[in-house]
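Take a look at the structure below.
The values are calculated or read from the model by the stated rules, or taken from the named source; none is laboratory data. Values in this document were obtained by computation on a predicted structure and should not be read as measured data. With ideal geometry, Cβ positions are generated from the backbone for all residues, glycine too; neighbour counts draw on all protein chains shown. Heads up: the accessible areas ignore ligands, DNA and RNA and are worked out on the full protein's heavy atoms, side chains in. Shrake-Rupley method; radii C 1.70, N 1.55, O 1.52, S 1.80 Å.
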There are 2 protein chains.
Amino acid sequence: MDTHTGRPATGTGTDTDADRRGPIWDMITGRLPPSPAAATLGWQLVAVDPEQGTIEVAFEAGEQFTNPVGVVQGGFLAAMLDDTMGPALVLTLPAGQFAPTLDLQVQFLRPARPGRLVGRGRVVRRGREVCFLAGELTGPDGRLVATATATAYIQPIRR
Amino acid sequence: MDTHTGRPATGTGTDTDADRRGPIWDMITGRLPPSPAAATLGWQLVAVDPEQGTIEVAFEAGEQFTNPVGVVQGGFLAAMLDDTMGPALVLTLPAGQFAPTLDLQVQFLRPARPGRLVGRGRVVRRGREVCFLAGELTGPDGRLVATATATAYIQPIRR
């Protein structure tokens, strides 16, 4: 977050937010609310760098995501990582394109308690259609709780 | 579901539900409510066979799980698969043991619309501590929407 303006920090490229298009930018600029899935996860943009293909987001892991022993069920951490890596790619796309996740691999390093979790995602390789992504999720103490990789496939939005 | 008794169908082993212990059985018999994560996903047991290490569950994928193009965000399908495979193993454990997921791999075969999804999970190999699991998720038309594998690790419950 850019603490001066209170707006999400963006990269050092010459484009401004207003020049960009697409669902993620519409969410950033407030033209669209976050997707229902993102809202359910307490998704919040912290910083983006489209030139580098990186993003930092925060989530609010509520008690409603916990398993029988009181820690966040791994699947919800997977959902957060999906909603970290996907946007890292989508923010590089022009309007009218979307990039569904084809596969997702998650490693659960430590138990995560309910609270604020920070996700960092990056585009490892962006092909014309097939893209490889990576991400990680850290807890309030800054320690990694999960890491992930994913493959996504760029395609036109069909409604 | 056993349509005669209205209770979840169980395998052909000689044990009865009342002989079994552990969080999943407590959920089945109504001694405990479903975990918060399971409730959030609309988790419902359909059938179990502890001898075979298989389970069939149903989920209610709500609108709150959808992504910007209106289909269920893949991460929530991953959460459902985690809550399919995990219970397949946990239902074979004695009281006082739990089996956190170490890693999770998901393949997204088709888009899933909000609605009822059915998960089938099985224990592929149960070691003393390390267990390999597999699962799949089908849509209302019976077509596969996602498949998954996972590794879980049996350990005592520490509170």
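What to note about this one:
- Each residue in region A:106-159 was checked for being exposed (fewer than 13 other Cβ atoms within 10 Å of the Cβ) and closer than 13 Å to A:ALA88 by Cβ, and 1 pass.
- Look at region A:131-159: where a residue is more than 16 Å from A:ALA58 (Cβ to Cβ) and a partner is among the acidic types (Asp, Glu), sitting 6+ places away or on another chain with Cβ atoms under 6 Å, you get A:THR147/A:GLU136; A:THR151/A:ASP103; A:TYR153/A:GLU129; A:ILE154/A:GLU129.
- Residues that are on the phi > 0 side of the Ramachandran plot and either over 12 Å from the mean Cα position of the chain (by Cα) or at pLDDT 95 or above (or both) do not occur anywhere in region B:52-66.
- Of all residues in region A:52-88 being part of a loop (DSSP other than H, G, I, E, B) and within 7 Å of another protein chain (Cβ to nearest Cβ), the one that is most open to solvent (accessible area, probe 1.4 Å): A:PRO68
- For region B:30-51, filtered to residues that are assigned to a helix (DSSP H, G or I) and open to solvent by less than 20 Å² (accessible area, probe 1.4 Å), the residue that is nearest to A:GLY75 (Cα to Cα) is B:ALA37.
- Inspection of region A:30-46 identifies at least one residue that is of a type outside the set (A, V, I, L, M) and on the phi > 0 side of the Ramachandran plot.
- The set of residues from region A:98-145 being of a type in the set (S, T, N, Q) and away from chain B (no Cβ under 11 Å) comprises just one member, A:THR138.
- Test result for A:PRO23, within 8 Å of chain B (Cβ to nearest Cβ), closer than 27 Å to A:ARG128 by Cβ, modelled with pLDDT of 90 or more and open to solvent by 10 Å² or more (accessible area, probe 1.4 Å): no
- Residue tally, condition among the small types (Gly, Ala, Ser), in a loop (DSSP other than H, G, I, E, B) and at pLDDT 95 or above, over region A:89-115: 1
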